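Each remark here refers to the structure printed beneath this line.
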Amino acid sequence: MTTIFRSSIRVVLALALGLLAAACDSSQKFRSTDLTGADYGKVLDLTDHNGKPRHLEDFRGKAVALFFGFTHCPDICPTTLAETAAAVKKLGADGERVQVLFVTVDPERDTGAALAKYVTAFDPRFLGLRGDAQATQRAAKEFKVFYEKRKTGESYSMDHSGQSYVIDPQGRLRLLVRPDRIGEDLAEDLRTLLRAG
């Protein structure tokens, strides 16, 4: 065997193995950051804006879009909820298989009534979730969300992380969606998850 022939066989074998590996890869392709297999984002125990205790398990069978924010937020929260509502609407009938959850990081001001008025203004199916300070802290820690109260004169505001998460219908954390990509990516990523089951 010549050196060129052996090299050619190696190249062909390497290509064949690469193609075989690609064919066996049944993982889904997402536009957002794929968190499949992450060891966080598994537990959420809060109360919805109607006063009902809620857990992630309550939403099995649906894809869940989850965002942490607060009702007095001047920018990222209303933008995120408006773009999320538009993404769910793009899904048509499949939008009924999506539950959007808005977790407040400001339980001091965001009462159940305030959350109900706020989130349902974007879509009547959206749910606002809240807990006491400790429950809020646990939920934020579970999803690696930063938040902090910041004094602004006589009042205060909340600094917080801006990412959204998507949980699949089996209850597994799957995606991190950057706030600047919700409008472009969320609908397609939800469609991909819903097709998978």
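The values are calculated or read from the model by the stated rules, or taken from the named source; none is laboratory data. Not measured: the values here are computed from a predicted model. Virtual Cβ from ideal backbone geometry, glycine too; neighbours counted across all protein chains shown. Surface accessibility is based on the protein's heavy atoms, side chains included, excluding ligands, DNA and RNA. Shrake-Rupley method; radii C 1.70, N 1.55, O 1.52, S 1.80 Å.
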Can you go through Val105, Val145 and tell me which one is in contact with a helix residue (DSSP H, G or I) (Cβ under 9 Å, 6 or more places away or on another chain) and within 24 Å of Leu193 (Cα to Cα)? Val145
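Considering only residues of segment 145-162 that are polar (S, T, N, Q) and touching a residue at least 24 places away in the same chain (Cβ under 8 Å), which is surrounded by the most Cβ atoms within 10 Å (Cβ to Cβ)? Spell out the reasoning first.
Within segment 145-162, the subset polar (S, T, N, Q) is 152, 155, 157, 161.
Filter once more, so that each one left must be touching a residue at least 24 places away in the same chain (Cβ under 8 Å): 157, 161.
Details: Ser157: 15, Ser161: 17.
Among those that are polar (S, T, N, Q) and touching a residue at least 24 places away in the same chain (Cβ under 8 Å), it is Ser161.
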Looking at segment 87-100, is at least one residue assigned to a strand (DSSP E or B) and open to solvent by 40 Å² or more (accessible area, probe 1.4 Å)? no
Among all residue pairs at least 6 apart or on different chains, which show Cβ distances below 6 Å where the first residue, located in segment 29-51, is closer than 21 Å to Pro107 by Cβ and the second is acidic (Asp, Glu) and surrounded by fewer than 18 Cβ atoms within 10 Å (Cβ to Cβ)? Val43/Glu142
Test of understanding: among Asp45, Asp58, Asp110, Asp132, which residue is farther than 23 Å from Arg178 by Cβ, in contact with a Gly (Cβ under 8 Å, 6 or more places away or on another chain) and either surrounded by fewer than 20 Cβ atoms within 10 Å (Cβ to Cβ) or not acidic (Asp, Glu) (or both)? Asp45
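Just the residues that are part of a helix (DSSP H, G or I) and closer than 22 Å to Leu44 by Cα, please, taken from segment 158-181. Working first, answer last.
Residues of segment 158-181 that are part of a helix (DSSP H, G or I), as a first pass: 179-181.
Matches in segment 158-181: Pro179 only.
I need the full set of residues from segment 135-144 which are open to solvent by 60 Å² or more (accessible area, probe 1.4 Å) and more than 16 Å from the chain's Cα centre (by Cα), in order please.
If we filter segment 135-144 for residues that are open to solvent by 60 Å² or more (accessible area, probe 1.4 Å), which is where we start, we get 137-138, 141, 144.
Residues satisfying the conditions are Gln137, Arg138.
Looking only at segment 114-135, count how many residues are closer than 20 Å to His55 by Cα, part of a helix (DSSP H, G or I) and out of contact with any strand residue (DSSP E or B) (no Cβ under 7 Å at 6 or more places or on another chain). Please lay out each step first, then the result.
Quick first cut of segment 114-135, residues closer than 20 Å to His55 by Cα only: 115-116, 119-120, 124-135.
Next, only the ones that are part of a helix (DSSP H, G or I) stay: 115-116, 119-120, 133-135.
From what's left, out of contact with any strand residue (DSSP E or B) (no Cβ under 7 Å at 6 or more places or on another chain): 120, 133-134.
Here the count works out to 3.
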What are the pairs with Cβ atoms under 7 angstrom where one residue, in segment 96-107, is under 11 Å from Ala63 (Cβ atoms) and the other, located anywhere, is of a type in the set (Gly, Ala, Ser)? Sequence gap at least six, or different chains. Arg97/Ala63; Val98/Ala63; Val98/Ala65; Val100/Ala65
Here's a check for you: in segment 182-197, which residue that is in a helix (DSSP H, G or I) and over 15 Å from Ala86 (Cβ atoms) is most open to solvent (accessible area, probe 1.4 Å)? Arg195
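Looking at Val88, Val105, which one is of a type in the set (A, V, I, L, M) and farther than 21 Å from Asp189 by Cα? Don't jump to the end; show me each part of the working.
Values: Val88 fails: farther than 21 Å from Asp189 by Cα.
Just one listed residue meets the conditions, Val105.
Would a scan of segment 90-105 turn up a residue that is within 14 Å of the chain's Cα centre (by Cα) and of a type in the set (Phe, Trp, Tyr)?
Taking segment 90-105 as the starting set, the residues that turn out to be within 14 Å of the chain's Cα centre (by Cα) are 98-103.
Filter once more, so that each one left must be of a type in the set (Phe, Trp, Tyr): 102.
Checking segment 90-105: at least one residue is within 14 Å of the chain's Cα centre (by Cα) and of a type in the set (Phe, Trp, Tyr).
Residue-by-condition table, conditions (1) over 17 Å from Leu175 (Cα atoms); (2) open to solvent by 10 Å² or more (accessible area, probe 1.4 Å):
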| residue | (1), (2) |
| --- | --- |
| Leu66 | no, no |
| Ala82 | yes, yes |
| Asp106 | yes, no |
| Val119 | yes, no |
